[in-house]
Every structure is written in structure tokens, then in C-alpha cells.
Amino acid sequence: MKNLMRSSIAAICVIVLLSAFVMPSAIVEWERTTADFGTIKKGEPVSEKFFFTNKSDQPITIIKTKTSCGCTVTEHTKSEIAPGEKGYVKAQYNAAKVGAFTKTVQVFTSADENPFTLTIKGVVE
């Protein structure tokens, strides 16, 4: 009986200790991650808003965005995004060169150490 009691207490202690190290997962669900502008005119900027939902049980923030070139600028939700709420990243491309383009925006959030990648593409004429 003593051994059963000790084993039970030890098992409970292990479970409690392990659960203390498990962080709740933060999940970001993007409505889409690619925008195709099709054919656009040179010199006319185009933009797209990418929306996401915080599917976790904790608030998240967008820490920063990083574009693949200086021809793309971003803006994003600045405030904390509560669980179940939506946020956005807007990417604007300055169509300065003729030809096909594919540009990326990396989105760094408090939800994940790895950035999310958004893509914009099209053809400038």
C-alpha cells in the first residue's frame, strides 16, 4: 500500500512539473498568404491587405515585418490581437520596373519564433 501511494505521488509530481513547462500554443490562421495582382501599369502602386485570426488562447502582437525589396512597404495591426480577433498586414508594391515580379513579406509575431511569409506577384506593363 505504501509503495502504491509513493508511486501515485511521484506520478502526480512528474505530471505537474511537465505541465509547467508546456506553453500554450499561439496559432495564427491566415485567410490567404498570396495575392496575385495580375497585369498592372508601371508607376501605379498596388496594395493588398492580408487578414489573419488569432486562434490561440493568448493575445499576440506583430513584432515587425521585413520585405524582400525596397519596392514593397507594409503597415500592420499595431495593437495586441486578442484570442479570436483579426489582424492584418498590408503590402504595397511600387511598380517601377516592367516585367513579372514576385515579392515576399516576412511577418514576425509573438506567436512563433519563425516568421510567416506572405507573397505578392504580378506583371508590370
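Looking only at segment 79-99, which residues have a backbone nitrogen under 17 Å from a spot 7 Å from the Cα of Ile27 in the C-beta direction?
Residues 82-87 qualify, since their backbone N sits under 17 Å from the label point.
Ranked highest first by average number of other Cβ atoms within 10 Å, how do 86-96, 29-39, 108-118 line up?
Values: 86-96: 18.1, 29-39: 12.4, 108-118: 16.3.
Ranked by mean Cβ neighbours within 10 Å, highest first: 86-96, 108-118, 29-39.
Among Gly122, Ser110, Gly99, which residue has its Cα positioned farthest towards the positive end of the charge dipole of segment 25-124, with +1 placed on the Cβ of Lys and Arg, -1 on the Cβ of Asp and Glu, and the dipole taken about the Cα centre?
Comparing the listed Cα positions along the dipole, Gly99 ranks first.
Would you please state which residues of segment 39-59 a label at Cys71 would reach in this model, taking the label point 7 Å out along Cα→Cβ and a backbone N cut-off of under 14 Å?
39-47
Given the peptides 49-61, 66-78, arrange them by the average over their residues of other C-beta atoms within 10 Å, most packed first.
Final packing ranking: 49-61, 66-78.
Based on the alpha-carbon gyration tensor of segment 25-124 and its eigenvalue square roots a ≥ b ≥ c, which shape applies: rounded if a/c is under 1.5, prolate if not and a/b is larger than b/c, or oblate? Please report the intermediate quantities before stating the final value.
Working: a/c = 2.64, a/b = 2.42, b/c = 1.09.
Verdict is prolate for segment 25-124.
Read the figures in this text as sums done on the coordinates, not as results from a lab. Worth saying up front: this structure is predicted, and the values here are computed from it rather than measured. Positions of Cβ are backbone-derived with ideal geometry, glycine not excepted, and every protein chain shown enters the neighbour counts.
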